[in-house]
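One structure is given below, encoded as structure tokens.
Every number in this text was worked out from the coordinates using simple rules, so none of it is lab data. Everything quoted here is computed from the prediction, not taken from an experiment. All Cβ positions, even for glycine, are placed from backbone atoms using ideal geometry, and neighbour counts span all protein chains on display.
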């Protein structure tokens, strides 16, 4: 019983008690007639249990006393099992553990870091996609790419504007699925595939970062739309021969290594 309870003693005096049984206030030490005492007891029990019916209030009080007795017995057994003076119940797993090993947080006491993290995840508000893009993703991209890769920062900023203008911005991060990527394509069918994929790549990058930062429990797969104009082209043997004939050293050797060894330009340029 979350409220107060009443105990009648042999001398018919009445005391108010809290759940742990510690007296906090005396209603009076004068002797009361049996009928008056029963009336006081009924009124206090009804008030503390928020029940208008005496029988229902008594049943609730009895069940609560039984729970308190069982809790006390479990704690005593746990103290003997763990060889400690006091035990606490973990807010997450609800197991009894040594009070000396408690991890104390504002929310309560936890038996381990894993339980503390699990409880925090359950009770942490998940941001919407719009809130996440504006507060976390875009500032991160700005700080990481603006100086060294300004075009990358501009690309993701434009993709974020596309996402914020769509109805995806109101969805929470943990509600995002691959189906929402398909819906984004359908609702932006008038845009070119390149622009659609700009928004989808931004969404994919944002969700991958959210998973890395612990804001999502699982990664979300976002598929790109087809039909985007590709900028890659395979150089033919005749084209490379014409290029090598006119190319000066050391660029001719570098181009030859890139072609026949499949090396990246950066790897080739570092050779000595």
At what distance in nm do the modelled label points of residue 177 and residue 79 sit from each other, each positioned 7 Å from its Cα along Cα→Cβ?
5.2 nm
When 269, 132 are arranged by how many other beta-carbons sit within 10 Å of their Cβ, fewest first, they go 269, 132
Arranged by the count of other C-beta atoms within 10 angstrom, fewest first, what order do 176, 263 take?
263, 176
Footprinting exposure proxy for 252, 81 (fewest neighbouring C-beta atoms within 10 Å first)
81, 252
Quick shape check on the range 129-212: root eigenvalues a ≥ b ≥ c of the Cα gyration tensor, a/c under 1.5 is rounded, otherwise prolate if a/b tops b/c, else oblate, and it reads oblate
